[in-house]
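In what follows, a single structure is set out as structure tokens and then discussed.
The values are calculated or read from the model by the stated rules, or taken from the named source; none is laboratory data. Since this is a predicted model, take the numbers as computed values, not measurements. Here the Cβ is made from the backbone with ideal geometry for all residues, glycine too, and neighbour counts use every protein chain on show.
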Amino acid sequence: MPTKSHLLAVDIGGTFTDIVLYNLETNHIAVGKVLTTYPDPSQAVLSGVSQLLNDHNIDPASIRQAIHGTTLVTNTLIERKGARTALIATEGFRDALEIGNEGRYDIYDLGLVKPQPLTERRLRFGVPERMTAGGEVLRPLDAKAVTELCKRLNAEGVESVAVCLLHAFTNPRHELDVYEIVRDEMPDASISLSHQVSPAMREYQRASTTVANAYVQPVTSNYLERIRAGLSEAGLDAPLNVMLSSGGTTDIETATRLPIRLVESGPSGGALTGVFWGRQNGFKDIFAFDMGGTTAKAILTHNGELSVISVSEAAHVHRFKRGSGLPLLVPTIEMIEIGAGGGSVAHLNNLGLPAVGPESAGSSPGPACYARGGLDPTVTDADLLIGYLNADYFANGSIRLDASAAEKSFEGLAKELDISTTKAAWGIHQLVNENMAAAARVHAAERGLDIQKYAMVTTGGAGPVHACGVAERLNVRTVIVPPIAGVGSSFGFLLAPISFDFTRSYLTRMDDVDIARLTRILGDLEREGRGIVTKAGVPGEQIRVTRSVDMRYLRQGYEIRVPLEEGEISAESLRRLEKRFEEEYFRFYGLLCEGVPIQAVNWRVVVSGPTLEIEGKALTVGEESKKTNQPHGSRSVVFDPDRGGAQTPVYRRESLSSSFEAKGPAIIEEAESTTVVLPNWWARVDENGCLVLNKA
């Protein structure tokens, strides 16, 4: 029996599926990258894992743990391909999903379109019952009405049921009673209860989250079971953990029950990778820039830590407009989508101006240069036409890029703009960089952060291609391209602890806290968390518990998260909590509301296991190669379309040693990505194997 010496991490993106295999004994990393398969992405996972194991002659039984991240939940919401879902709400509240928060995400758009609820109105029902905000039964549940309703749901072919009763987060008794009835009357249906999915105040957001969970639950359950069964058939008897949006992992049973927690599963791995390599290089303030085949994400740390938020959005009607998506009350690493990915399509918008996305060619048919049937010009086609990509060495040479097909795809756009195809491609590359820089600049300004003081860590297959261009526009002077940057999210999965986040709304003024009640709430959350984390394989003595509180001044509409110290709750510890709130509030807003009572809203507990300790400079990637520090060759690359292409040295990253240093322009290629070093930038390799780019 082989020793359990390997960790396996798999990330499914919109274009590529990335696989990382880490040897715990030798610190060696093997990498695989295959096109994502549609409509069943599990095929790419299973074939890619099998190929990687065979290529490196590794026994599947040597894998200790498998970690998986996926875009399945996000894609299901965007494409509206989930289960036929019904909502059971308190009588009179079935239209909360339609009413929303009565706000407009763009007050000047007369033709504004709001996101449609995931369940149509004819499948939204109210049942007689009422719970008070304090958790007291005002009107008993009419069990007979629920039973009769189930007959109608069966007749409608409902596959999944979301139950969201008023104030269930203070007393879930009625939701649990509804669950018992629905389970008996609809044994084949999935059931999501709001007090389990999102036990927090704000009715619209809680209902939206519960419906979204129910909508994706059957799809996610079937998918994860296929992955687990396929890996088992391949000889992997290791536990399968799933990456959460909050930056931790959990067991497959919990992920199946609460799949909405996976909505930002993949990008959270990129965030962890950014923080890890930033710290390895001595930087606390990190701008993690992750650009793949479909989207680009930006994540900013604060005091070296990632920020986890409780409200996010999915399936936006307008891609970059906050408020145009479905609100989700789940813990998520704070990140924003700042731009397009390599497969995003270039076109002219309604004003006749060049634009990129949100449409993406994905992996099928893919960019035109993939020669798989795609005809539209994409960012990848543009990058190939201006010389940034190597047609013969893309995705480790597994995909032969067709430059003539890329040029043909840009002919129509170039004709409409009355410029050459090269200028059109260069312009699209610059437009993508400018859009991403502008979005990142706004994101930082809204949080009171000076992005110029940050170091960028770039990941994703397209990230290193565009990193210098984005950094230059932001006046960010240091860019770090870590080893295996092209599969950065998968590497980040290895760094994620087994953990789970729990929330309970207890709305109270800080001068009126019921300490006994609060102690009971925090104790319940910790016990539930310990149960999940222990079940996932973490020994009790290795479990870590952290607590925080969402706080605000009385009658304000938004909260600030403040850490809650360990130990018993006391009057003194609550006074210290108020002090920390004031410090954080002043840092964020620059003032205090003197004399206004402070209010606590949501109490949060994170229960987690240990993180994997990895030293960057100890890692080895792929096969050993001779360190020549010499160019592999050269090719014509466009940095100024008016001057045409310039012969630019091309290096292979595996041949560069820690003594390497070169002034741009230069191209540095590796199996999973390509780094473009612009003119007036310097590139060097540090002791951790990172490419460090600095503005001259």
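Here GLY135 clears all of (1) under 16 Å from GLU203 (Cα atoms); (2) surrounded by 14 or more Cβ atoms within 10 Å (Cβ to Cβ); (3) of a type in the set (Gly, Ala, Ser) except the condition numbered (2).
When residues in the stretch 120-155 are screened for being modelled with pLDDT of 95 or more and assigned to a loop (DSSP other than H, G, I, E, B), 5 of them pass. In this structure, LEU24 does not qualify as assigned by TED's automatic domain parsing to the domain that holds GLU203 and more than 25 Å from the chain's Cα centre (by Cα).
Out of SER160, SER194, SER246, SER232, one residue alone is among the small types (Gly, Ala, Ser) and farther than 29 Å from ALA496 by Cα. It is SER160.
Of the candidates VAL692, VAL676, the single residue that is out of contact with any helix residue (DSSP H, G or I) (no Cβ under 9 Å at 6 or more places or on another chain), closer than 14 Å to PRO464 by Cα and not assigned by TED's automatic domain parsing to the domain that holds ALA200 is VAL692.
Within the stretch 686-696, if we keep just the residues that are surrounded by fewer than 22 Cβ atoms within 10 Å (Cβ to Cβ) and outside any loop (DSSP other than H, G, I, E, B), the residue that is modelled with the lowest pLDDT turns out to be LYS695. One residue stands out in the stretch 15-64 among those that are of a type in the set (Asp, Glu) and touching a strand residue (DSSP E or B) at 6+ places or on another chain (Cβ under 8 Å): the one that is surrounded by the most Cβ atoms within 10 Å (Cβ to Cβ), namely ASP18. Identify all residues within the stretch 615-656 that are assigned to a strand (DSSP E or B), more than 36 Å from the chain's Cα centre (by Cα) and not polar (S, T, N, Q); write none if there are none. Residues satisfying the conditions are GLY633, GLY644, GLY645, ALA646.
Residues that are exposed (fewer than 12 other Cβ atoms within 10 Å of the Cβ), over 32 Å from the mean Cα position of the chain (by Cα) and part of a loop (DSSP other than H, G, I, E, B): does the stretch 595-614 have at least one? Yes: the stretch 595-614 contains one or more residues that are exposed (fewer than 12 other Cβ atoms within 10 Å of the Cβ), over 32 Å from the mean Cα position of the chain (by Cα) and part of a loop (DSSP other than H, G, I, E, B). Of all residues in the stretch 446-498, those being of a type outside the set (Lys, Arg) and assigned to a helix (DSSP H, G or I) number 25. A single member of GLY339, GLY304, GLY323 is farther than 30 Å from MET551 by Cα and out of contact with any His (no Cβ under 8 Å at 6 or more places or on another chain), and it is GLY339.
So that you can scan it fast, the table gives a plain yes or no per residue for (1) surrounded by 14 or more Cβ atoms within 10 Å (Cβ to Cβ); (2) among the hydroxyl-bearing types (Ser, Thr, Tyr); (3) assigned by TED's automatic domain parsing to the domain that holds VAL31; (4) out of contact with any Ser or Thr (no Cβ under 6 Å at 6 or more places or on another chain):
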site	(1), (2), (3), (4)
ALA485	yes, no, no, no
ASP514	no, no, no, yes
LEU525	yes, no, no, yes
GLY531	no, no, no, yes
PRO539	no, no, no, yes
ARG544	yes, no, no, no
ARG561	yes, no, no, no
GLU578	yes, no, no, yes
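Exactly one residue out of TYR651, TYR589 is of a type in the set (Phe, Trp, Tyr) and outside the structural domain of GLY341 (by TED's automatic domain parsing), and it is TYR589. Just one of the listed residues (ALA671, ALA666, ALA662) is under 19 Å from GLY486 (Cβ atoms) and modelled with pLDDT of 90 or more, namely ALA666. Could you tell me which residue of the stretch 297-322 is farthest from the chain's Cα centre (by Cα), considering only residues that are crowded, with 18+ Cβ neighbours inside 10 Å and assigned to a strand (DSSP E or B)? Only one residue tops the list, namely LEU300. Inside the stretch 367-392, residues that are among the aliphatic types (A, V, I, L, M) and over 11 Å from TRP426 (Cα atoms) make up a count of 5. Restricting GLU159, GLU175 to residues that are among the charged types (D, E, K, R), within 15 Å of VAL211 (Cα to Cα) and under 28 Å from the mean Cα position of the chain (by Cα) narrows the list to GLU159. Filtering the stretch 505-527 to residues that are in a helix (DSSP H, G or I), free of Cβ contacts under 8 Å to residues at least 60 places away in the same chain and over 21 Å from ILE543 (Cβ atoms) leaves ASP512, ILE515, ALA516, ARG517. Residues in the stretch 547-555: is at least one surrounded by fewer than 17 Cβ atoms within 10 Å (Cβ to Cβ), free of Cβ contacts under 8 Å to residues at least 40 places away in the same chain and at negative phi? No, the conditions are met nowhere in the stretch 547-555. Answer yes or no as to whether ALA145 is touching a strand residue (DSSP E or B) at 6+ places or on another chain (Cβ under 7 Å), surrounded by fewer than 22 Cβ atoms within 10 Å (Cβ to Cβ) and without any contact (Cβ under 8 Å) to a residue 60 or more places away in the chain. So ALA145 fits the description; yes.
Just so you know, in the stretch 421-443 the residues that are of a type outside the set (A, V, I, L, M, F, W, C) and free of Cβ contacts under 8 Å to residues at least 40 places away in the same chain include one that is surrounded by the most Cβ atoms within 10 Å (Cβ to Cβ), and it is THR421. Candidates are the residues of the stretch 425-479 that are modelled with pLDDT under 90 and touching a Phe, Trp or Tyr at 6+ places or on another chain (Cβ under 7 Å); the one that is farthest from LYS297 (Cα to Cα) is GLY448.
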